[in-house]
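K.L.:
Take a look at this one; I'll ask things after.
The values are calculated or read from the model by the stated rules, or taken from the named source; none is laboratory data. Here the structure is a predicted model, which is why all the values come from computation and not from measurement. Every residue, glycine as well, gets a Cβ built from its backbone with ideal geometry; the counts of neighbours run over all protein chains shown. Calculation scope for accessible area: heavy atoms of the full protein, side chains included, ligands and nucleic acids excluded. Shrake-Rupley method; radii C 1.70, N 1.55, O 1.52, S 1.80 Å.
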Amino acid sequence: MVIGGILCPESKKKEANNRIREIKVEHGIKADAEIKWNKVSPSKLPLYMDLINYFFDNSDLHFRAVVIPDKQKLNHKHFLQTHDDFYYKTYFRMLKTVLEPGKEYCIYIDIKDTRSQEKVTKLHNVLCNSHYDFNRNIIKRIQQIRSHEVELMGLADLLIGALSYLHRGLKESKTKLALIERIMQRSRYTLMSNTLYRENKFNLFIWKSKYE
């Protein structure tokens, strides 16, 4: 289980989305083609390599993720919580290192299921209460979008997918392993351990059970 996202200034969002579309066209892909980890193939390796390099070369883009390597080790009963409760806690853990007082944020979430809107409303309440943002001056809104409508969402899916593939111990795809290796090279991290708390570009928290 991986919860993560890309942080980008509002003033730079359009520029980043346009550049990602340009990269796709440069590789003979339609500008509106969806970027997704599960669509990675050998023929598209140069495209995805360029997208990863674009992320690391763009100082306006930042990534933060929380990785739960083995969901079987979650003990919801012991902590008197449901899986949804844990989801909200994990989302809060993912965001708390990037949200700053005095700044405003809009959070965009990929639509996953029929309960998405219910989860969005609950998540907004949880985040605002957790940050003492009762007047919602920090988190202005949380909005559902479809990943193919915003290029940065696809780029986030690519990075999240790479982390999930690595931590699941999968090795079937040489193409995906090559992309993971590129992320390791560019981030200068193994992706298997926590980064420094104040790591700005590629920030990771690897969850571990208290019983390990």
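K.L.:
Could you grab the pairs with beta carbons closer than 7 Å, sequence gap of 6+ or different chains, first residue in the stretch 87-101 and farther than 15 Å from Lys140 by Cα and in contact (Cβ under 8 Å) with a residue 12 or more places away in the chain, second one of a type outside the set (Val, Ile, Thr) and assigned to a loop (DSSP other than H, G, I, E, B)?
P.N.:
Thr97/Tyr197
K.L.:
Taking strands (runs of 3 or more DSSP E) that fall entirely within the stretch 100-212, which contain at least 2 residues that are open to solvent by less than 60 Å² (accessible area, probe 1.4 Å) and modelled with pLDDT of 95 or more? Show your work before the answer.
P.N.:
Numbers: elements: 105-110, 139-145, 202-206.
Strands (runs of 3 or more DSSP E) meeting the threshold: 202-206.
K.L.:
Now for a different question. Restrict the check to the stretch 55-68 and report whether at least one residue is in a helix (DSSP H, G or I), modelled with pLDDT of 90 or more, within 19 Å of the chain's Cα centre (by Cα) and not acidic (Asp, Glu).
P.N.:
First pass over the stretch 55-68, keeping only residues in a helix (DSSP H, G or I): 55-57.
Next cut, modelled with pLDDT of 90 or more only: 55-57.
Among the residues that remain, those that are also within 19 Å of the chain's Cα centre (by Cα) are: 55-57.
Checking which are not acidic (Asp, Glu) leaves us with 55-56.
Yes, that holds for at least one residue.
K.L.:
Also, I was wondering about something else. Which of the residues spanning the stretch 39-52 are open to solvent by 30 Å² or more (accessible area, probe 1.4 Å), under 27 Å from Asn200 (Cα atoms) and not aliphatic (A, V, I, L, M)?
P.N.:
Correct list: Pro46, Asp50.
K.L.:
Please name all residue pairs, on different chains or six or more residues apart, with Cβ atoms under 9 Å, provided the first residue is in the stretch 51-68 and is farther than 18 Å from Lys13 by Cβ and among the small types (Gly, Ala, Ser) and the second residue is modelled with pLDDT under 95 and in a strand (DSSP E or B).
P.N.:
Between residues of the stretch 51-68 that are farther than 18 Å from Lys13 by Cβ and among the small types (Gly, Ala, Ser) and residues that are modelled with pLDDT under 95 and in a strand (DSSP E or B), the close pairs are Ala65/Val2; Ala65/Ile3; Ala65/Gly4; Ala65/Gly5; Ala65/Phe205.
K.L.:
For the stretch 9-34: of the residues being more than 18 Å from Asn58 (Cα to Cα) and of a type outside the set (D, E, K, R), which is most open to solvent (accessible area, probe 1.4 Å)?
P.N.:
It comes out as Val25.
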